[in-house]
Amino acid sequence: MQRITSLNNPRLAQAFIDYMACRGIEIQMMPEGEGMFALWLFDPQHEVEVLAELEQFLSDPMAAKYRSASWEMAETRPKVFNYGSTNWWALISEKAGLLT
C-alpha cells in the first residue's frame, strides 16, 4: 500500500474514495490522529492516475462526478450501523438508580 495524501474531512475523503472505486481503483482511509485521515492506495500501478484525479478533486471536491459516485457506491457499501433495540429497564436502572 502507498500513502497518497491526508485530509482533515473524512466525508470529503470518502467522496474521493467512492469516485476512485467507481473507476476500479481501491483506496482505503485510515485515521492518523489530530483529526487527519490518510488515504492509502492498494495498487501502486494506479499512482499516476490517482494523483492526477486527486489534484482535480482538491480543486473542486463538490463536482457532480464525485457526488454521483458517492450515491452509486453507497448502495454497495456494507451497512455498519446497528442501533439495535433499547432495553429501557436497564437504561432506567443505570441512570436513575433504585429510587428517584
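The values are calculated or read from the model by the stated rules, or taken from the named source; none is laboratory data. Nothing here was measured: the structure is a model prediction, and the numbers come from that model. We place every Cβ from the backbone using ideal geometry, glycine too, and count neighbours over all the protein chains shown. Side chains are part of the model used for accessible areas, which takes the heavy atoms of the whole protein and leaves out ligands, DNA and RNA. Shrake-Rupley method; radii C 1.70, N 1.55, O 1.52, S 1.80 Å.
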So, in segment 1-25, exactly how many residues are open to solvent by 70 Å² or more (accessible area, probe 1.4 Å) and either hydrophobic (A, V, I, L, M, F, W, C) or farther than 11 Å from VAL50 by Cβ (or both)? 4
Is it true that ALA69 is open to solvent by less than 40 Å² (accessible area, probe 1.4 Å), in a helix (DSSP H, G or I) and modelled with pLDDT under 90? yes
Any chance segment 83-93 includes a residue that's surrounded by 11 or more Cβ atoms within 10 Å (Cβ to Cβ) and either at pLDDT below 90 or of a type outside the set (A, V, I, L, M) (or both)? yes
So ALA64 clears everything in (1) open to solvent by 60 Å² or more (accessible area, probe 1.4 Å); (2) under 21 Å from MET1 (Cβ atoms) except one condition, right? Which one? (2)
For strands (runs of 3 or more DSSP E) lying entirely in segment 1-55, having 1 or more residues that are among the hydroxyl-bearing types (Ser, Thr, Tyr) and free of Cβ contacts under 8 Å to residues at least 40 places away in the same chain picks out 2-7
Selection over segment 26-48 where residues are more than 12 Å from GLN2 (Cβ to Cβ) and open to solvent by less than 70 Å² (accessible area, probe 1.4 Å) yields a count of 6
